[in-house]
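**Q** Take this structure, written in C-alpha cells, and hold onto it; I'll ask about it next.
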Amino acid sequence: MAPDRVLVRLPNWLGDVLMARPALHAMRATWPGARFLGVGPAALLGLTASEGLVEESLPWPRDAAARRAVVARARAWAPETAVVLPSSFSSAWLAWNSGARVRAGFRAEARQWLLTHAPVRPRRGDRHQSDEFLDLVGLLGVREVAVPLLVPAPPATQAARAALAEAGVRDGEPYAILGPRSAYGPAREWFADRFVAAAQGLASRGLRVVVCGTAAESAACAAVAAGVGPAAVSLAGRTDLPALAALAAGARLALCNDSGLAHLAAATGAATLQIYGSAASGWTAARGPRVRVLHRAPVCSPCWRRTCLIGTRCLDAVSVAWVLREADRLLTEAA
C-alpha cells in the first residue's frame, strides 16, 4: 500500500543531492498521491522544492538542541515512511523518532536497529551512487523512471542574467563556466595554472569565461579569472544556488573538478567536463546527457584522500590539450 506521507532525509552535499534525483523522481512517480517532507541542509532544500519533489522542507541544523526541535516537528508531521539517504547515525535517529512505520537506509554506524530496511551498501565504486539510492528505494516497491533535466525557475534565470550583466557579460554572449575548486579538498582540484590555460583556450574559441564558486572560494576564483585575462570574470559568492543552476543551464560548456558544480551543470543538460582526482569516477561521476569524465587513474587510485601525499598523479595526468580536445567535441556536438 502506498504511503500518504513520506519523510526523506536528504544528503548533506550538493553533488549527493543531485545523484539522489533519480530516486526522488522515482518515489514521486510511484507514490503520486503522497506528500513528501524533505529534511537536509537549508541551502540545498530549495533544489528539491523547486522541482516539486517535496511539498514541505525542514532545515537540518548543526546544533544539537536545534536538531531536537526538528525531530519534534518531523514527528508531528506523522510520516508513514522515512527514507534515509545519508549514512550517519543521526539521520537514522531522525527517522526512528519520526514515528514512521517503514524506515529505509543503508547499514552503517551500528544504526540498523533503527531501520526496518537496512541493506548493506556495496563497496564504494561497485555501483554508481545514483544506482545505490535507487536500489534502496527499490526495497519499498519504487521503480526507476526517466529523470528530466533540472530546469531553473524564471526568477533564478533572471538573477543569473543580472549577475552576468553586472560582471560585463552581454546578454546572449556565449560563455563557459569554470569550477576550479572542490569542497572536499585539494586532492580533487586540478591545478589552477591549468584551469587558466584551458580557459584561455576556451576564450580563443569565442567564449567568455565565468568562474564560479562559493563565497569562501572567491579569492581563489578571482585569481583564476585574473590569470585568464579580460575574457574572464568571477561570480564566486555572488549567486545563490538557484541562480548558479541557471548560470550552468545557460553555459555552452562547464569545466569543473569533481564537485557539486559539475553535478549541477550536468543535471541541467549543459555540456560538462568533469576532472577526477582521488575519488572513483565509477561511483560519483556526474550524470547527464552531455558529460565527459576526464580521469586517468594511477595504481594508487582511488585513495579517497583530501590531500595527496605523493603528488596527485591522477590530476597531473589530465593535460590542458586533453581538456580542450574534449571541449571541442562537446561544442561541436552542440552546434
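**Q** For R103, list long-range residues whose amide hydrogen, built 1.01 Å from N in the peptide plane, is under 5 Å from its own amide hydrogen.
**A** Amide H neighbours of R103, under 5 Å, 5+ apart: A82, T116, H117.
**Q** Be a star and scan region 89-103 for residues whose amide nitrogen sits under 20 Å from the point 7 Å along the Cα-to-Cβ vector of R68.
**A** Of the residues in region 89-103, 89-99 have backbone N under 20 Å from the label point off R68.
**Q** Net charge within 14 Å of A43 by Cβ-Cβ distance, Lys/Arg positive one each and Asp/Glu negative one each, not counting A43 itself?
**A** -1
**Q** With n ≥ 4 as the cut-off for DSSP H runs, can you work out [θ] at 222 nm for the chain, using -39500 (n - 2.57) per run divided by the number of residues, rounded to the nearest 500?
**A** Computed ellipticity for the chain at 222 nm equals -12000 deg cm²/dmol.
**Q** Applying a 10 Å radius around every beta-carbon, put 137-143, 306-312 in order of their mean neighbour count, most first.
**A** The densest-packed peptide leads the list: 137-143, 306-312.
**Q** Report the label-to-label distance for W113 and C300 in nanometres (one decimal), using points 7 Å from each Cα along the Cα→Cβ vector.
**A** In this crude label model, W113 to C300 measures out at 4.1 nm.
**Q** If I stretch the segment between A43 and D4 completely, what's the gain in nm (0.36 nm per residue apart, minus their alpha carbon distance), one decimal?
**A** 11.4 nm
**Q** Taking the highest mean first, how do the peptides 293-301, 173-181, 227-235, 239-247 order by number of other beta carbon atoms within 10 angstrom per residue?
**A** Packing order, densest peptide first, comes out as 173-181, 239-247, 227-235, 293-301.
**Q** Between W113, W96, W31, find the one with the highest GNM mean-square fluctuation for the chain; connect C-alpha pairs within less than 10 Å.
**A** W113
**Q** Under 5 Å between amide hydrogens, which residues at least 5 positions from L253 or on another chain qualify, with H placed 1.01 Å from N in the peptide plane?
**A** Under 5 Å from the amide H of L253: I177.
**Q** So, counting K/R as plus one and D/E as minus one, what does the shell of residues with Cβ under 15 Å around G201 add up to?
**A** Net local charge, G201 excluded: +3.
**Q** Hey, with R₀ at 30 Å, roughly what FRET efficiency would L149 and A317 work out to, going by the Cβ-Cβ distance, to 0.05?
**A** 0.45
**Q** Based on alpha-carbon centroids, what's the gap between region 84-104 and region 258-278 in Å, whole number please?
**A** Rounded to whole Å, the Cα centres lie 30 Å apart.
**Q** Take the chain, mark every one of the GluC sites (Glu not before Pro) that falls in a DSSP loop and has at most 15 other Cβ within 10 Å, then report the longest stretch left between them, sites excluded.
**A** 110-335
Coordinate-derived values only; no laboratory data. Everything numeric here is computed off the predicted structure, so don't read it as measured data. So basically every Cβ, Gly included, is an ideal-geometry build from the backbone, and we count neighbours across all protein chains shown.
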